[in-house]
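So the structure is just underneath, and the comments pick up after that.
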Amino acid sequence: MALAGVRVIELAGLAPAPFCGMILADFGAKVIRVDRTKVAVSVDTQARGKQSVSLNLKSPEGVAVLKTLCIQSDVVLEPFRKGVMEKLGLGPEELLRENPRLIYARLTGYGQSGSYARAAGHDINYLAMSGLLSMLGRSSEKLYAPLNLLADFAGGGLTCALGIVLALLERSRSGQGQIIDASMVEGAAYLGSFVWKSRSTGLWNRPRGQNLLDSGAPFYDTYRTADGKYMAVGAIEPQFYDQLIHGLGLKAADLPNQMSISDWPELKRTFTQVFAKKTQAEWSDIFDGTDACVTPVLPLDEAGLHPHNLQRRSFLSNAQGEVSPKPAPVLSRTPAQPSMSRDPFIGEHTHSVLEEYGFEPAKIEQLVSAGVVECNKAKARL
Ligand SMILES: CCCCCCCCCCCC[C@H](C)C(=O)SCCNC(=O)CCNC(=O)[C@H](O)C(C)(C)COP(=O)(O)OP(=O)(O)OC[C@H]1O[C@@H](n2cnc3c(N)ncnc32)[C@H](O)[C@@H]1OP(=O)(O)O
C-alpha cells in the first residue's frame with residue numbers, strides 16, 4: 001500500500017483527526033491511537049485499522065512514554081486546543097529537536113495563531129467562520145450546516161491527511177520533517193475556492209437559494225416522488241436538460257427557456273408536480289441509461305445495494321457486518337486495503353506497541369501497576 005512503513009501516532013480526538021488517521025491507516029500506515037486511561041468505550045467511530053494504546057498523560061511518566069512513541073514515528077497527529085501539547089512538554093519544537101524527520105500535524109478549528117486560536121468550537125462554527133455557511137440553505141429559510149461534513153471531515157480530516165502526505169513526499173527529498181497547521185476554517189474555505197473564484201462570473205449574484213447550484217434552478221434540485229422518496233436532478237447543460245424534459249414527458253415548446261431565471265419558480269412547480277406522479281423506481285427506470293443527469297436519492301442502507309455501486313464494490317462490510325464506504329480514490333498498483341476487523345478496544349495494543357517501541361516487559365508491568373498505561377487484552381479476548 002502507498003503508505004506502508006509510515007508510523008503514525010494519533011492522539012485521540014472527536015471526529016476530524018480520527019478520520020484523518022483512518023485515511024492514513026486505510027492506505028497502509030500503521031496508526032497508533034493514544035487513548036486516555038479509565039475510559040471504557042471509545043467515541044472514535046473512525047478507527048478502522050488502528051491500534052490503541054491507553055496512556056495517562058496527566059502523569060509525567062505517561063508523557064515520557066508518549067514522547068518515546070512520537071520520536072520513533074513518522075507522524076504525530078494531535079487534535080487538541082492550541083497550547084495543550086506544549087503544556088505537556090510535547091510541542092513541535094521539543095519533538096522535532098529529537099526527531100528532525102517528524103511530521104507534526106496539528107488539526108484544530110481556528111489554527112495555531114489568531115485571536116480565536118484557543119477558543120472551543122465545532123464544525124458549524126468553523127464553517128460559519130469560513131464564509132461558506134452563509135451560502136448554505138434554501139431561499140427564505142435559515143442557514144443550514146450539512147451534517148458536520150464540510151469543516152470537520154473535508155476541510156479538516158481530509159485536508160490534514162493531504163498535508164501529511166505532502167510533507168512525507170517532501171521529506172523523501174529533504175530528509176526533514178515539518179509542522180502542519182491544519183485549520184478547519186481555512187480547510188473549509190479552501191474547499192470553497194470555486195465559490196470565491198467564480199463570483200465574477202455572476203454565478204452567485206442572486207440571494208441565497210436562488211442561484212444555479214444552490215437550489216435556485218429547477219434543473220438542479222431534488223424532487224419528491226409518489227412513494228415519498230426523492231430524485232436528484234443535475235441537468236445543467238442544454239443537451240442534458242433536453243433529456244430531462246423528454247424523460248419528464250414535457251414539451252420544450254410549452255416551457256420557458258431553461259435559463260429564464262424569472263420563470264424558475266414556475267418551472268420548479270411544474271417539475272414538482274410531474275415528479276410526484278411516479279415512484280422513485282419508475283423514474284429511475286425512465287432516466288437510467290440516459291444523459292438527463294437524474295438519479296435516485298439513495299438512503300445509506302440502499303447506496304451499497306445499487307447495481308452501479310455493487311459493480312464497483314464501493315461499500316464494504318467488516319467482520320461485524322458493519323457497512324461503510326471503501327477508501328477513495330482507487331490506486332491501480334497500490335490500492336488501499338482497509339482492515340476488515342473490528343475496531344480496537346481502548347488499550348488493546350498497549351503491550352504490543354510498547355514492546356515494539358523498545359519498552360522491556362518489566363518496564364511495561366511497572367507502568368501498568370503505576371496506572372500510567374492500561375492493557376485491555378482480557379477484554380479483547382471476549
Ligand atoms: C459510544 C459511541 C458513541 C459515538 C458518538 C460519537 C459522537 C461524536 C460526536 C462528534 C461531534 C463532532 C463535532 C461536530 C465536531 O465538530 S468535532 C471538532 C471539534 N473541534 C476540534 O477538534 C478542534 C481542535 N480541538 C479543540 O478545539 C478542543 O480539543 C475541543 C474540541 C474544543 C475540546 O476542548 P477540551 O475538551 O477543553 O480539550 P482540549 O483543550 O483540547 O484539551 C484536552 C485535554 O485532554 C488532556 N488529554 C488528552 N489526552 C489525554 C490522555 N491520554 N490522558 C490524560 N489527559 C489527556 C490534555 O492534556 C488536555 O488537558 P488540559 O490541558 O485541558 O489539562
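The values are calculated or read from the model by the stated rules, or taken from the named source; none is laboratory data. Worth saying up front: this structure is predicted, and the values here are computed from it rather than measured. Glycine gets a Cβ as well: all are built from the backbone with ideal geometry, and neighbour counts include every protein chain shown. These accessible areas exclude ligands, DNA and RNA; they are computed on the full protein's heavy atoms, side chains included. Shrake-Rupley method; radii C 1.70, N 1.55, O 1.52, S 1.80 Å.
Residue 203 passes all but one of (1) open to solvent by less than 60 Å² (accessible area, probe 1.4 Å); (2) more than 29 Å from residue 285 (Cβ to Cβ); (3) touching a residue at least 12 places away in the same chain (Cβ under 8 Å); which number fails? Single failed check for residue 203: (3). Here residue 78 does not fit the description of being touching a residue at least 24 places away in the same chain (Cβ under 8 Å) and away from the ligand (no atom under 15 Å from the Cβ). Residue-level check: of (1) loosely packed, with under 14 Cβ neighbours inside 10 Å; (2) not in a loop (DSSP other than H, G, I, E, B), residue 188 misses just (1). Right, residue 112: open to solvent by less than 40 Å² (accessible area, probe 1.4 Å), over 15 Å from residue 13 (Cβ atoms), at pLDDT 95 or above and more than 10 Å from the ligand (Cβ to nearest atom) or not? Yes. Filtering the stretch 39-59 down to residues that are of a type in the set (D, E, K, R) and either near the ligand (Cβ under 8 Å from one of its atoms) or modelled with pLDDT under 95 (or both), which residue is nearest to residue 110 (Cα to Cα)? My answer is 44. The number of residues in the stretch 251-288 that are open to solvent by 40 Å² or more (accessible area, probe 1.4 Å) and over 20 Å from residue 229 (Cα atoms) comes to 12.
Taking the stretch 293-382 and the strands (runs of 3 or more DSSP E) fully enclosed by it, no element has 2 or more residues that are charged (D, E, K, R). Could you grab the pairs with beta carbons closer than 6 Å, sequence gap of 6+ or different chains, first residue in the stretch 241-265 and outside any helix (DSSP H, G or I), second one not β-branched (Val, Ile, Thr)? That search, which allows pairs on different chains as well, returns 256/263; 258/241. When the test is whether a residue is crowded, with 20+ Cβ neighbours inside 10 Å, away from the ligand (no atom under 15 Å from the Cβ) and more than 26 Å from residue 174 (Cα to Cα), residue 62 does not pass it.
Condition test on residue 83, is it in contact (Cβ under 8 Å) with a residue 12 or more places away in the chain, at positive phi and either more than 9 Å from the ligand (Cβ to nearest atom) or aromatic (Phe, Trp, Tyr) (or both)? Working first, answer last.
On the way: in contact (Cβ under 8 Å) with a residue 12 or more places away in the chain: yes; at positive phi: yes; either more than 9 Å from the ligand (Cβ to nearest atom) or aromatic (Phe, Trp, Tyr) (or both): no.
No: the conditions fail for residue 83.
In contact with a Cys (Cβ under 6 Å, 6 or more places away or on another chain) and within 9 Å of the ligand (Cβ to nearest atom): is that true of residue 88 in this structure? If you could, list the steps in order and put the result at the bottom.
Numbers: in contact with a Cys (Cβ under 6 Å, 6 or more places away or on another chain): no; within 9 Å of the ligand (Cβ to nearest atom): yes.
No: the conditions fail for residue 88.
Contact map, the stretch 92-112: first residue under 19 Å from residue 154 (Cα atoms) and in contact (Cβ under 8 Å) with a residue 12 or more places away in the chain, second residue assigned to a strand (DSSP E or B) and away from the ligand (no atom under 16 Å from the Cβ), Cβ cut-off under 7 Å, separation 6 or more or different chains; pairs are 105/75. For the stretch 20-34, indicate whether the set of residues that are open to solvent by less than 10 Å² (accessible area, probe 1.4 Å) and more than 19 Å from residue 182 (Cβ to Cβ) is non-empty. Taking every residue of the stretch 20-34 in turn, at least one turns out to be open to solvent by less than 10 Å² (accessible area, probe 1.4 Å) and more than 19 Å from residue 182 (Cβ to Cβ). Counting only residues that are under 22 Å from the mean Cα position of the chain (by Cα), open to solvent by 70 Å² or more (accessible area, probe 1.4 Å) and aliphatic (A, V, I, L, M), the stretch 290-309 holds 1 of them.
Within the stretch 364-380, one or more residues are open to solvent by 60 Å² or more (accessible area, probe 1.4 Å), among the acidic types (Asp, Glu) and more than 22 Å from the chain's Cα centre (by Cα). Looking only at residues of the stretch 115-153 that are assigned to a helix (DSSP H, G or I) and among the aromatic types (Phe, Trp, Tyr), we find that the one that is nearest to the ligand (Cβ to nearest atom) is 126. Of all the criteria given as (1) in contact (Cβ under 8 Å) with a residue 12 or more places away in the chain; (2) within 26 Å of residue 2 (Cα to Cα), the one not satisfied by residue 293 is (2).
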